[in-house]
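Enquirer: Below are the structure tokens for one structure; questions will follow.
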Amino acid sequence: MSDCIFCKIIKGEIPSTFIYEDDKLVAFKDIHPAAPTHILFVPKKHYATLNDVPAGDTIISDVTTAIQKTAKKLGLADKGYRVVTNVNREGGQVVFHLHVHMLGGRALEDKMG
Ligand code: AMP
Ligand code: ZN
């Protein structure tokens, strides 16, 4: 996926500061933050969308664990935060490399859209 911006970030071809990294995924700040904390959790393996994750793949569980650790580290675990994955165009997906948004640091509206 040589033209994928998130693959380039993961490979270090585009400079970025990783807030979290393990063998399965990285996390970095969203370039256009929608909240004081807006972090993207990005699998190292390129899946275009959530639809492309095979049954039995543990990546979403791995992302969940990384989000839990990050929420604790940032003091958001008890306060609260939001986790969102946009899927395809009507779902609001713009970057077609699976990623999970973590939003926090302000009171988030309770509506979904
Ligand atoms: P989505 O609409 O779910 O595909 O979200 C894509 C997100 O990636 C948007 O919130 C963008 O602001 C963010 N984004 C795009 N390019 C970069 C980049 N180079 N570094 C960090 N975040 C980015
Ligand atoms: Zn990619």
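Enquirer: Restricting to segment 1-15, name every residue that is buried (at least 17 other Cβ atoms within 10 Å of the Cβ) and either within 8 Å of ligand 2 (Cβ to nearest atom) or among the small types (Gly, Ala, Ser) (or both).
Expert: Answer for segment 1-15, where residues must be buried (at least 17 other Cβ atoms within 10 Å of the Cβ) and either within 8 Å of ligand 2 (Cβ to nearest atom) or among the small types (Gly, Ala, Ser) (or both): 6, 7, 10.
Enquirer: Also: Anything in segment 16-57 that is more than 14 Å from ligand 2 (Cβ to nearest atom), without any contact (Cβ under 8 Å) to a residue 24 or more places away in the chain, open to solvent by less than 90 Å² (accessible area, probe 1.4 Å) and under 29 Å from residue 108 (Cα atoms)? List them, or say none.
Expert: Listed by number, the residues that qualify are 18, 33.
Enquirer: If we scan segment 46-62, do we find a residue that is touching a strand residue (DSSP E or B) at 6+ places or on another chain (Cβ under 7 Å) and in a strand (DSSP E or B)?
Expert: Within segment 46-62, not a single residue is touching a strand residue (DSSP E or B) at 6+ places or on another chain (Cβ under 7 Å) and in a strand (DSSP E or B).
Enquirer: I would also like to ask the following. Which pairs do you get when a residue that is near ligand 1 (Cβ under 9 Å from one of its atoms), found in segment 4-15, comes within reach of a residue that is in a helix (DSSP H, G or I) and not acidic (Asp, Glu), reach meaning Cβ atoms under 6 angstrom, with the pair 6+ apart or on two chains?
Expert: 14/8
Enquirer: While we're on this one: Residue 75 versus (1) exposed (fewer than 13 other Cβ atoms within 10 Å of the Cβ); (2) within 11 Å of ligand 1 (Cβ to nearest atom): which is the lone unmet condition?
Expert: Failed condition: (2).
The values are calculated or read from the model by the stated rules, or taken from the named source; none is laboratory data. Computed from a predicted structure; not experimentally measured. Positions of Cβ are generated from backbone atoms using ideal geometry, with glycine treated the same way; all protein chains shown enter the neighbour counts. What goes into the accessible areas is simple: the full protein's heavy atoms, side chains included, and nothing from ligands, DNA or RNA. Shrake-Rupley method; radii C 1.70, N 1.55, O 1.52, S 1.80 Å.
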